[in-house]
Amino acid sequence: MDAAKLAGRLAAARAGALVGREPERAVLDRMLSGAADAPLVAYLHGPGGIGKSSLVRYAARQAELIGRRVVHVDGRFLDADPRRLEEAAAPACAEPGAVLLIDTFEQCQPLEAWLRETFLPRLADHAIVVVAGRVAPDADWSLDPGWAPLFTALAVRPLDAAQSHALLAARGVPAEQRGAFVAFAGGSPLALSLAASLPAAAPGAPWDPTGDVLTILVERLVGDLPSAVHRRALEVVVQAYVTREPLLRAVLGDADTETVFSWLRQLPYIEATPEGLHPHDAVRSTLEADLRWRDPERYDDVRVRISLAGLQAVRSAAEDDALLRVAEWMFLFRNQGGPDDLYNYRTHPHIEDTPLRPEDVPGVLRMAEEAEGPASAAAVAHWVRRQPEAFRVHRYADSSAPVSFMAILRLDAPLPEDRAEDPVIAAVWDLVEAVAPLKPGEHLGIRRFAVQCGGHQRPSPLMELISRRAIGEEMRTYGRAVTFTVFEDADRWGRYLAEAGMPELAAVEVGGRQQHVFGRDWRRQTVEQWAQHRARTAVTPVTTWPATAAMSGPGGRLPRTEFAEGVLEALRTWHTPRAFATSVLLHSHLVPPGSPDPAADLRGAITTALDAIQIDPAGVKAHEALTATYITVSRTHKAAARRLGVPYGTYRRHLALARERLIEQLLRQPATTPTPAPPTSRGNGPRCVTSCPPLARE
C-alpha cells in the first residue's frame, strides 16, 4: 500500500468515526459547496478534547473529495507571529477555492484582529476558512457590518446522551456498560474514547472512575512501556511545556536519553514540533493526574527536577532566548496562580522587549506621571540619569512608541542623592541596614517600576513580560544578596508574591500614593532552593526575610506550616550537606542562639526526636518508616516499603503518620530565645507591615 492510499484510508476512517455534530457538519458542507448564502469563515470553539480537531479533519476530508486545495495551519507552531501565519497560509491567497484550516487558534489568539482585518481580505476568490480554538471569537466579527453575513461562530458542545451511546457502540462497548461511561465522560468525546478502551465490567457490577480505573485508563492509553526509564520520560513530557533531549538528560541522569527521546517521538499521542515534544492536552492532564494520585512523592520529584533543569536552561540561554526559557519554566506553575491569571507561560512575540533608548525617555516619563503622578515621574527621571541600563522598554511590533517599561536597579551602597530623589529607595536602604546589612562584594536588586499605558499594573501581556524579565534577572544574576520588588497595586499582586516567598515589608508614600515593597533575602534561600520549593505542589511560604526578632537568628519560633515544611525538607536533604546547611530550621527554636555549628545542632535535634518516637511503643512503625525512607536512603519509596516488608499502600500511611508524629515531637521541644539587637533608626523610615517586635540585626 503506497503512502497516498494509506493517508486516504486514515482520513476516511477518522471521518467515519465522527459521531453527531450534524449542525456543524451541515454548515461546513454548505461552505464547501459554495452556496450563495453560506458563510466564508466558520469559527469552531470549545474546551480541549471536545472534538474541534475532528471537525477540522472532516472539513479537510470533504474538501479533498471535491478537489479543493486544503491549507492546514496549526496555531501551536506560530508563536502568535503574524509573519509565520502569513507564510504558512500563503497558498490560500494564491489558489481560488482553497480551504484554509487553522487549528488550535487559542495558541495565537492575539492575532485575531490582524487575521480579520489584514490577512483574510487577501484570500483568493471563493476561498473559505475554518478556525478552531478554545477561546470564543471576539464580538467584532458580528458587529462589523461587512463581516457579519460572512462569519459564523460554532460552539462545539458536549455530546448528548444518545450521541455518547452511539460513539461507545461504534467502539464496541457493551450496552450494559455504556450508561456508567456516559455519566463519567460528561459528553467529552476524548473521555468517552478513553473509557471505551477499558475492558467490560462483570455483568451487573457497578462501574466508577476510581483511582484504579484511572490507572487502567492510563495503561490502556500508553500501552506497555519498555522500562521504568521510559515511564519516567513520559512523566517528564506530561509536566514540561516542551521536552527536548537536554531536559530529559537533566531529569533522567545517565539513562540513554537519545534512545528514549526517539521512542517518545513515535508515540501516537506525542507530537514532534520544531520546539520539541508536546503531548495532546487531554493526554497531558490525564497522565499528570494519574501520577499525582498514584505517587505524589514522585510527582513532586519530577516537578523539582524539571524546575531545576529549567533554571539551568534560563541561565545558559543566549540573551535573545532567555525570556522564552523563563516562559517554559513558568508553565510548571500554570495551575498555582490566582483567579486573575497573574502570570502566563505563553510567548508574546508581537511585543518587543528592548533596552531604553534616548528617544524613549519623554514617553517613559509621561507614562510614569499618568500612572503614578509627578513624584514617581521625578524618581524615574533620577534613575534614567543614574542607571539608564537598568530600564527595559516594551513596544508593539512595527511601532516605536513605548507602551510599558520597568527598571531593575543594582545597588551596593546607599547614596544621599538616591535617598533624596526616591523615597522608596530610602525606605529600602533603611530596611537593609536594620536587618540584613550587605557584606563586601554583595549587592541588592530592586525591580523599582512596572508601568504600562492604561489599566495600571493590571494583568496583561505587558505586565507578564515585566514579571518574566524580573524572574529571569533573578535566575541569571550571581552575587545578589537581597531582592526587592515594588508594586502600587498590592491588593492584586501581594498574595501571589507572598506565596512565592516575597512578603510585603513596607508601604512608602510617594506623592500621596502608596508604593508597596516586597523583599527576599537570597542568603536565607538560594535561587536553587527557591526553584525547588516553588515546584512542590504542597507549597507553603518560606520566610526569606527576617520579619521578626524570632526569625533573625537561631532560637526563634517558626509558623507551624513553615516549620512542618522545613522538617520535611531537612529529611529530604539529610544526606546533602550543602542543602541541609541552609535549612529554614536553622532559624528555629531547635538551634540554640550563638551555636558554633547550627547544622550539627539541627541534625542532633532531629535525631533526638526520632529516638523519642522509637521509645514510644506506638511510634515504632513511624520510626521505621522515617529511617528507611530518609536516613538509610532507599532509592524509592517502593524500595523502602519492600525493606519494611509491608504493602506500598500501608507504607504510605505509616510514612504520612510518621511525619506528623516527628513534627509534633520537634514542636514540643523547649524554645530558646535569642537576644535581639535594636534596629537602627533613620528618620521617617518605612512603615512595618507586619505586627512584629523590633527588627533584629543579623
Kindly indicate whether any position in the range 301-319 is at pLDDT below 90, within 21 Å of the chain's Cα centre (by Cα) and under 30 Å from residue 114 (Cα atoms).
-> no
Would the range 61-77 turn up any residue that is at pLDDT below 90 and touching a Cys at 6+ places or on another chain (Cβ under 7 Å)?
-> yes
If a residue has to be touching a Gly at 6+ places or on another chain (Cβ under 8 Å) and part of a helix (DSSP H, G or I) to count, how many in the range 494-512 make the cut?
-> 2
Which of the residues spanning the range 135-149 are loosely packed, with under 15 Cβ neighbours inside 10 Å and part of a helix (DSSP H, G or I)?
-> 140, 142, 143, 148, 149
Segments classed as helices (runs of 4 or more DSSP H), wholly inside the range 32-111, with at least 1 members that are charged (D, E, K, R), assigned by TED's automatic domain parsing to the domain that holds residue 122 and crowded, with 16+ Cβ neighbours inside 10 Å | 52-65, 82-88
What residue, among those in the range 96-111 that are of a type in the set (Val, Ile, Thr) and in contact with a helix residue (DSSP H, G or I) (Cβ under 6 Å, 6 or more places away or on another chain), is nearest to residue 40 (Cα to Cα)?
-> 99
In the range 112-134, anything surrounded by fewer than 16 Cβ atoms within 10 Å (Cβ to Cβ) and either touching a helix residue (DSSP H, G or I) at 6+ places or on another chain (Cβ under 9 Å) or farther than 20 Å from residue 36 by Cβ (or both) is listed as 113, 117, 118, 122, 124
With respect to residue 103, determine if the residue is at pLDDT below 90 and closer than 30 Å to residue 323 by Cα.
-> no
Test result for residue 283, at pLDDT below 80, over 20 Å from residue 327 (Cβ atoms) and part of a helix (DSSP H, G or I) = yes
Those residues of the range 21-31 which are among the charged types (D, E, K, R), crowded, with 18+ Cβ neighbours inside 10 Å and part of a helix (DSSP H, G or I), in sequence order | 24
Hey, among the residues in the range 380-416 that are surrounded by fewer than 14 Cβ atoms within 10 Å (Cβ to Cβ) and hydrophobic (A, V, I, L, M, F, W, C), which one's farthest from residue 449 (Cα to Cα)?
-> 397
Name the single residue, out of those in the range 150-183 being of a type in the set (D, E, K, R) and closer than 24 Å to residue 134 by Cβ, that is surrounded by the most Cβ atoms within 10 Å (Cβ to Cβ).
-> 157
So, of the residues in the range 1-38 that are over 18 Å from residue 66 (Cβ atoms) and in contact with a Ser or Thr (Cβ under 9 Å, 6 or more places away or on another chain), which turns out to be modelled with the lowest pLDDT?
-> 17
What about residue 600, is it at pLDDT 75 or above, of a type in the set (A, V, I, L, M, F, W, C), under 16 Å from residue 664 (Cβ atoms) and assigned by TED's automatic domain parsing to the domain that holds residue 663?
-> no
Leading residue by the ranking (surrounded by the fewest Cβ atoms within 10 Å (Cβ to Cβ)) among those in the range 435-470 that are basic (Lys, Arg) and part of a helix (DSSP H, G or I) | 469
May I ask you to list pairs of residues, at least six apart or on different chains, whose Cβ atoms are under 8 Å apart, with the first in the range 592-603 being on the phi < 0 side of the Ramachandran plot and outside any helix (DSSP H, G or I) and the second being at pLDDT 85 or above and surrounded by 15 or more Cβ atoms within 10 Å (Cβ to Cβ)?
-> 592/601; 595/601
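The values are calculated or read from the model by the stated rules, or taken from the named source; none is laboratory data. Worth saying up front: this structure is predicted, and the values here are computed from it rather than measured. Every residue, glycine among them, receives a Cβ derived from its backbone with ideal geometry; neighbour counts consider all protein chains shown.
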